Amino acid sequence: MTTGRNDVTIHVQEPTGTRVSPDLWGLFLEDINYALDGGLNADLVRNGDFEATGADRPGWGPLTGWDPEADADGVRVRSDRPVSAANATYVRIAAGSRLTNRGYDPEGMLVREGAYRLRLAVRRAAPSAGAHASLTTADGDALARVEIPAAADAWSWVEVDLTSTATTRAALSIEVVEGAVDVDLVELRPVDPQGRARLFRPDLVETLRALRPAFVRFPGGCVAHGYGLDNMYHWKRTIGPRERRVPMPNTWGYHQSMAIGYHEYFLLCEELGATPMPVVAAGVCCQNVPGGPQAIPQQRMPQYVQDVLDLVEYANGGPETRWGAVRAAAGHPEPFGLRYLGIGNEDVVDAQFADRFGQLFAAVREQYPDVTVIGTLGPKPYGPDYDAGWELARRLEVPMVDEHSYRSPRWLLQHLERFDHYDRSGPAVYLGEWAAHSSTMRSALAEAAYMTAVERNSDVVRLSSYAPLLARVGSTQWLPDLVYFTDDEVRPSPSYHVQRMMAEVRGVEVLGCATTGHTDRPQPPPAMQRVTLRSPGSTTRFTAIQVGGTAHPDQVVGTEGTASLTTDGTELELVATRTDGEEGFVVGFGGADGETVHEFQVGGWRNESLILARRDDGIGNEVDGPHPFDGVRPAVPLHVRVTVEDARIRVWLDGALVHDHEDDLRPWPDLVAGATSGPDGRTHVTLVSLADEDRTAHLVVDGVRGAAPATVTTLAGGSPDVGRPFEASPVEPVATVAELADGRAAVPVPAWSLVTVQVGQAT
Ligand code: AHR
């Protein structure tokens, strides 16, 4: 075999003895970024329950999403004699008035030619009442119109079909022509070919199905434990008839109708062929609330523990059990096959957490020993909660822990050996929320490389799910996301293609895999050839600026601006004084090329923290902190001093040392490879190129004789910087066929690419 300068050799060898976890790749599904209401939930009506309030978002109320066309008395929000206590707000529409809903997109809800089922609760509010519903285009042209029978003085459910004559942006109107009618819980869902109202948006479901998820985690994330005790997610409040479900402010700042509740999450899992993985609060709410995390009072814990046990019974109990019967009554006599249960999410692992978690874990373990309970390690893959989470899990013998890693591509690439060193005798790991910080190929490929490391270690890392999963364009609270969508488009990110390709080649046993010919990319150390000064959210005056003993002119920087100084030295000093606004300021320093920058963020995150961050190629994350901080005050000068000494960075604020950090300068490889034997008798090879040049990989697969066919699938885009949030990936996987001769083949590996090779004939 001849090899060139850009060639690499991949030698696939004997099995290592590590089985690949059959549940390795799954989904994290949280109602964030309008993933459920306004997303997977096929209902086109926004705020159909009239329960939106200022607690969802300041300024919101019962008529958010609705346009009344009425005189003063025409449309009244009421709460006397409601359809249920859980859904206390409804509207009374009087004759001559109309209420219109345009859905989640300002241009109107997207309807396609075909039938839509309108379902709503109605009540006659005058001796005779007549109403109708209509679908109209954005220009007011009629698409469909039906009568709404409102003959009773008590609430009743009405289901009628509206058949749209066109595919267009539209509005749903309810108009009363006689008397007055009370209306609540309005839903408009497309009708499927079997004549059923769709629960989920089919294009999004198919997008998820293509990921072959082994499990689905739900309902969060932060949604699971909630913003304050009142906002904690209680599964029993989300099942049963719609009117009995309790809508809640979504912790991400919108309204959660609970039209998709626990039962529907289970149905989705079934639809996707995935194991359900509910995550319940560990009896403690999210720590990011004023005053910190609050725990369910001890006297209410027995009931909460029972609720969690009842959840397992709802999922797995026979129809003869109390909660299995409730499931059967909801139309699903067969169990849902729950095998995993998460308790807690990113919690502060302190005494109150350990106490509540301990009660829940002991009860579940005793009653359902076959359910794998997953504990939590806090929000980061290191730090106090991570350490305390591991300690607690080991002490209680929790079978699995949930590790979260939202990091830069660089971090992931520097940690490819992380799991090689994990203790095999303790709890297993669920990599429950993780992603590299951008929607570019650079991030997607760092994730692919990390996934090869996870797969190689799947005797300890048994489960993994990228997060967040879905994001409605124009309604996001978190970036990046795996799949962006609008009403009419699904826009998978490069990371989506990586997850999909990796799931397609999930094997059963890890094979030895040696790579030669690649290089390690050195990591630049901290530098001070350029200093940048920013002041997002405020205006700051920077004075007495000295770098390496050289004085620089004063700078005044507003919220949009950046002052950039050419400097030289290893020590920086300045005085920063906020003159306007509410936030803090940022002092950046790095090399002359601007590719690697460190930032001292003073007052980051609501002017409450100090963070030292490192950014490479425009993508960064914190390397030290956040540390609590009293905040930048108006007109109060702050003295900043920074020194760099090889990899060490020290930062003083008003004379106090606030960061003392040693940068991680480990190089990362520009080619990462892994191999497994597939369930179908084939050998799977994964190649992740992080190099700037195209290369040829000389593949040598031990044990393959004669001619063997191979499918080569390539995701390549030339530049690591292609891909943007909210847009569909500009690159997609392309499959070609190849042939190995006596286990050897030359495989093209483009710059910055993921290449999978499936060797052999599927059996
Ligand atoms: O995935 C988004 C959020 O990230 C989750 O809700 C939370 O667990 C994490 O902080």
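Sparse packing (at most 14 other Cβ atoms within 10 Å of the Cβ) combined with a DSSP loop state is found for the following trypsin sites (Lys or Arg not before Pro) in segment 139-234: ARG196. Put the Cα centre of segment 355-386 next to the Cα centre of segment 662-676 and the gap is 32 Å. Among residues other than ASP355 with Cβ under 15 Å from its Cβ, the summed charge is 0 (Lys and Arg +1, Asp and Glu -1).
Give me the percent relative contact order of the chain, please, defined on Cα pairs under 8 angstrom at least 6 residues apart.
Working: 2023 pairs, mean separation 97.5, N = 763.
Answer for the chain is 13 percent.
Applying both filters, DSSP loop and at most 11 other Cβ atoms within 10 Å, to the trypsin sites (Lys or Arg not before Pro) of segment 424-490 gives ARG424.
Calculate, for segment 702-763, the solvent-accessible area per residue in square angstrom, rolling a 1.4 angstrom probe over the heavy atoms of the protein chains. Before the final figure, lay out each step's value.
Numbers: 3030 Å² over 62 residues.
With all protein chains present, segment 702-763 gives 49 Å² per residue.
What's the FRET efficiency of ALA551 with ARG339 using the Cβ-Cβ distance as r and R₀ = 45 Å, to the nearest 0.05?
Details: r = 66 Å, r/R0 = 1.46.
Between ALA551 and ARG339 the formula returns 0.10.
Each part reduced to its alpha carbon centroid, segment 701-761 and segment 39-81 end up 51 Å apart. The alpha-carbon atoms of segment 265-339 define a convex hull whose volume equals 110 cubic angstrom per residue. Mean projected area of the convex hull spanned by the Cα atoms of segment 563-626, taken over all viewing directions: 5.0 nm². The ratio of the alpha-carbon radius of gyration of segment 656-725 to the globular-protein estimate 2.2 N^0.38 Å is 1.72.
Test of the criteria: in segment 603-641, which trypsin sites (Lys or Arg not before Pro) are in a DSSP loop and have at most 11 other Cβ atoms within 10 angstrom of their Cβ? Before the final figure, lay out the partial values.
Numbers: sites: ARG606, ARG614, ARG615, ARG641; in loops: none.
The qualifying sites: there are none.
Bins of 5 Å, beginning at zero and ending with the bin holding the largest distance: percent of Cα pairs per bin for segment 147-249, please. Spelled out per bin, shortest first, that is 2, 7, 12, 15, 16, 17, 14, 9, 5, 1, 0.
For segment 73-172, the equivalent ellipsoid built from the Cα gyration tensor has semi-axes of 26, 15, 13 Å, listed from largest to smallest. Over the chain, the pair-distance histogram of Cα-Cα distances with 10 Å bins from zero comes to 3, 13, 20, 22, 20, 14, 6, 2, 0, 0 percent, rounded to whole numbers. Taken along the Cα-to-beta-carbon direction at a fixed 7 Å, the label points for THR167 and ALA741 span 4.9 nm. Accessible surface comparison of TRP478, TRP652, TRP235, probe 1.4 Å, protein chains only, largest first: the order is TRP478, TRP652, TRP235. Among residues other than ALA544 whose Cβ falls under 9 Å from its Cβ, what is the net charge (Lys/Arg +1, Asp/Glu -1)? Taking every other residue near ALA544 into account, the sum is -2. Taking 0.36 nm per residue of sequence separation and removing the Cα-Cα distance, the THR543/ASP694 pair yields an extension gain of 49.5 nm. Suppose the Debye formula is applied to equal point scatterers at every Cα of segment 71-127; what is log10 I(q)/I(0) at q = 0.15, 0.27 Å⁻¹? Reported log10 I(q)/I(0), two decimals: -0.65, -1.17. Taken one residue at a time, the phi angles of segment 150-156 give Karplus couplings (6.51, -1.76, 1.60, θ = phi - 60°) of 9, 8, 9, 8, 10, 4, 9 Hz. Gly and Pro are set to x.
Our note on the geometry: Cα centres of segment 256-286 and segment 442-489, 19 Å apart. Dipole magnitude for the chain: computed about the Cα centre from +1 point charges on Lys and Arg Cβ and -1 point charges on Asp and Glu Cβ, it is near 1060 debye. With no solvent and one point on each alpha carbon, what is the Debye value of log10 I(q)/I(0) for segment 613-763 at q = 0.12, 0.13 Å⁻¹? Here log10 of I(q) over I(0) equals -0.71, -0.77. Taking a quarter of the surface of the Cα convex hull of segment 330-435 gives a mean projected area of 8.6 nm². Computed over the Cα atoms of segment 518-620, pair by distinct pair, the Kirkwood hydrodynamic radius stands at 14.1 angstrom.
Stretched out straight at 0.36 nm per residue, the stretch from ASP350 to ALA362 would grow longer than its current Cα-Cα span by 2.5 nm.
Quick one: net charge around VAL373, please, counting Lys, Arg +1 and Asp, Glu -1 for every other residue with C-beta under 12 Å from its C-beta. Neighbour charge sum, excluding VAL373 itself: -2.
The values are calculated or read from the model by the stated rules, or taken from the named source; none is laboratory data. Keep in mind it's a predicted model, so treat the numbers as computed, not measured. Using ideal geometry, Cβ is built from the backbone for each residue, glycine included, and neighbour counts are taken over all protein chains shown. In case anyone asks, the SASA skips ligands and DNA or RNA and just uses the protein heavy atoms, side chains included. Shrake-Rupley method; radii C 1.70, N 1.55, O 1.52, S 1.80 Å.
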